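Single-structure report; data block below.
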Amino acid sequence: MIEIKNVSKWYGSFQVLTDCTTTIRKGEVVVVCGPSGSGKSTLIKTVNALEPIQQGDIVVDGTSITAPGTDLPKLRSRVGMVFQHFELFPHLSVTENLTIAQVKVLGRSLDDAKARGLKMLERVGLSAHKDKFPGQLSGGQQQRVAIARALSMDPIVMLFDEPTSALDPEMVGEVLDVMVQLANEGMTMMCVTHEMGFARKVSHRVIFMDAGKIVEDCTRDDFFGKPEARSPRAKDFLSKIL
Ligand code: ADP
Ligand code: MG
């Protein structure tokens, strides 16, 4: 579903990604972890071309993001993205947040968009809040609306960038529950997260990044179960967060 091939990226003269290669298959849940500043957010943003790359290529569902003529807005519309900060439109109601991109980007009728959006809102357990504004919801609820909004676009893959790290601790669980449910339903997911409970429970693979490089790319069982086989940086990281 996603092929990241020898990707390197620079911000000016600073190399933020060095020769990153990995493949995410349909239905796979891949957790990306690593220290702050290691390039996790940058890598995930390159997947839907929110950040340009200078070397290598990324192929999403058969479409190269670097090929001339690739319709990037169309490709982005198929890749759901949930960030640390919920980025809902504050001046729009929950229902409007759920429908606007479906109408403007996918060209759906307002009725179809509403039907789809409300179905996704039900899936994240927030149907009762459809007429509220983001400011009237808790952080955890806003993040669940953001997930419902991404799902309303019928994404082929979902990218998460630390979706729970800005939340109060008591709200982390409700967002992770939605992510676990999605994973169990077979959604292809690439998740930057430090929630190792989530990684242990539902991920198929773990990628560990350090200083812009993919240092580990292995099965969940190898990552957590065979620490002796891990790189020193990954071992150190694991010892701090587990
Ligand atoms: P992570 O998500 O793993 O914490 P990031 O991908 O956000 O790491 O950042 C990786 C490195 O790139 C950091 O050193 C960060 O300071 C730098 N960086 C991120 N965004 C920019 C930018 N827009 N311009 C310059 N440097 C950046
Ligand atoms: Mg980050």
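Answer yes or no as to whether residue 177 is within 28 Å of residue 26 (Cβ to Cβ), surrounded by fewer than 17 Cβ atoms within 10 Å (Cβ to Cβ) and in contact with a Leu (Cβ under 9 Å, 6 or more places away or on another chain).
no
Taking residue 98, is it surrounded by 18 or more Cβ atoms within 10 Å (Cβ to Cβ), within 16 Å of ligand 2 (Cβ to nearest atom) and either touching a residue at least 40 places away in the same chain (Cβ under 8 Å) or not in a strand (DSSP E or B) (or both)?
Working: surrounded by 18 or more Cβ atoms within 10 Å (Cβ to Cβ): yes; within 16 Å of ligand 2 (Cβ to nearest atom): no; either touching a residue at least 40 places away in the same chain (Cβ under 8 Å) or not in a strand (DSSP E or B) (or both): yes.
The answer is no for residue 98.
Tally the residues that are assigned to a loop (DSSP other than H, G, I, E, B) and either within 15 Å of ligand 1 (Cβ to nearest atom) or not hydroxyl-bearing (Ser, Thr, Tyr) (or both), restricting the search to segment 59-69.
Residues meeting the conditions: 6.
Within segment 8-32, take every residue that is closer than 21 Å to residue 186 by Cα and buried (at least 21 other Cβ atoms within 10 Å of the Cβ) and give me the one that is nearest to ligand 1 (Cβ to nearest atom).
Checked segment 8-32; the qualifying residue nearest to ligand 1 (Cβ to nearest atom) is 32.
Does segment 66-78 contain any residue that is surrounded by 14 or more Cβ atoms within 10 Å (Cβ to Cβ) and either within 16 Å of ligand 2 (Cβ to nearest atom) or of a type in the set (Asp, Glu) (or both)?
There is no residue in segment 66-78 that is surrounded by 14 or more Cβ atoms within 10 Å (Cβ to Cβ) and either within 16 Å of ligand 2 (Cβ to nearest atom) or of a type in the set (Asp, Glu) (or both).
Name the residues in segment 31-58 that are within 16 Å of ligand 2 (Cβ to nearest atom) and assigned to a strand (DSSP E or B), would you?
Of everything in segment 31-58, those that are within 16 Å of ligand 2 (Cβ to nearest atom) and assigned to a strand (DSSP E or B) turn out to be 31, 32, 33.
Taking segment 150-167, which residues are assigned to a loop (DSSP other than H, G, I, E, B) and either free of Cβ contacts under 8 Å to residues at least 12 places away in the same chain or in contact with a strand residue (DSSP E or B) (Cβ under 8 Å, 6 or more places away or on another chain) (or both)?
Residues satisfying the conditions are 153, 155, 156, 162, 163.
Rule-based calculations on the coordinates, nothing more; no lab input. The shown structure was predicted, so the numbers you read here are calculated from the model rather than taken from an experiment. Don't worry about glycine lacking a Cβ; one is built from the backbone with ideal geometry, like all the others, and counts go over all protein chains shown.
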